[in-house]
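Chemist: Before I ask anything, let me first share the structure, which is written out below as structure tokens.
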Amino acid sequence: MKILVAGATGATGTRLMNTLVSEGHAPIALVRESSDTSKLPDQAETRMADLADLQDGVCDGCEAVIFAAGSGGDTSADMTDKIDRDGAISLIDHASKSGVSRFVMLSSVGADDPDPSTDMGHYLKAKHDADEYLKGSGLTYAIVRPVALTDEDGSGDMKFGDDVDPKAKAARGDVARVLADAVTSDAWVGKTLLMQSA
């Protein structure tokens, strides 16, 4: 499957790209000119684009899109809105125009009901808005909401939904596995689920 990955050069995205290649997919990394592509698998294609200013045709030829980008909790509110909300929404629109068959969103624990008084409140509100837009887009979708991320590879042993402890951890390697699964598995269609590493 040809899969466009936004956030492909990030800590989770590079793991995801390698996972997709290992599973026989043809991932395409959405990258900016300043992106460090050195950790991407050799087999991966790249497609130049900026989430803050996407051009027509960015999703052309792709069967699925995975949004694994994130401005991070430390960036300005303006940049958070540009990437995590507006960038995601724009990519959803482009995916719809290009006839993409599935859109997988990497979201976050707390995005269901963001508390504006917390440090992560603005970031979670942006994620919430993007998630809700995806749900109403008409695209076949899956939304993955991991708990706090670690830089570990993980064991592949995970919990989902009501079994998740919101204060637990999620290994980035496990998150990559879940995103790769969600892009093909019918079990994920129309689902929004919390996840943690067990």
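Values quoted throughout were computed directly from the atomic coordinates according to the rules given, and no laboratory measurement underlies them. What you are looking at is a predicted structure, and each value in this text was computed from that prediction instead of being measured. When we count neighbours, we look across all protein chains shown, and the Cβ atoms used for this are built from the backbone with ideal geometry, even at glycine.
Chemist: Going highest first, how would you order 109-120, 33-44 by mean Cβ packing within 10 Å?
Modeler: The packing order, highest mean first, is 109-120, 33-44.
Chemist: A further question follows. To the nearest 0.05, how large is the calculated FRET efficiency for SER117 and LYS169 if R₀ is 30 Å and r is the Cβ-Cβ distance?
Modeler: The value I calculate is 0.80.
Chemist: What residues have an amide H closer than 5 Å to that of ALA49, excluding those fewer than 5 places away on the same chain, when H is modeled at 1.01 Å from N in the peptide plane?
Modeler: VAL31, ARG32
Chemist: Relative contact order of the chain: what whole-number percent is it, with Cα pairs under 8 angstrom and at least 6 residues apart?
Modeler: Result for the chain is 20 percent.
Chemist: If you don't mind, there's one more thing I want to ask. Give the peptides 55-64, 138-147 in descending order of average Cβ contacts within 10 Å, highest first.
Modeler: Highest-to-lowest ranking by the protection proxy: 138-147, 55-64.
Chemist: Same structure, new question: Based solely on its DSSP helices, what 222 nm [θ] is calculated for the chain when runs of n ≥ 4 H residues each add -39,500 (n - 2.57) and the sum is averaged over all residues, nearest 500 deg cm²/dmol?
Modeler: Dividing the helical sum by the residues of the chain leaves -8000 deg cm²/dmol.
Chemist: Cα-based count: Lys pairs in the chain below 24 Å, eight or more positions apart or different chains?
Modeler: Value for the chain: 27.
Chemist: Ok, one more. Starting with the fewest neighbours, write out MET195, MET79 ranked by other beta-carbon atoms found within 10 Å of each beta-carbon.
Modeler: Final ranking by Cβ density, sparse to dense: MET79, MET195.
Chemist: Now, a different point. Need one number: nm distance between label points at ASP151 and ASP186, each 7 Å from Cα along Cα→Cβ, rounded to one decimal.
Modeler: 4.1 nm
Chemist: With each pseudo-label sitting 7 Å past Cα toward Cβ, what's the SER76-SER22 distance in nm, one decimal?
Modeler: Distance between the two pseudo-spin positions: 3.9 nm.
Chemist: Mind sorting out which of (1) 61, 37, 26; (2) 38, 36, 32; (3) 89, 44, 39 is the real Cα extents along the principal axes in Å computed from the coordinates?
Modeler: Matching entry in (1) 61, 37, 26; (2) 38, 36, 32; (3) 89, 44, 39: (2).
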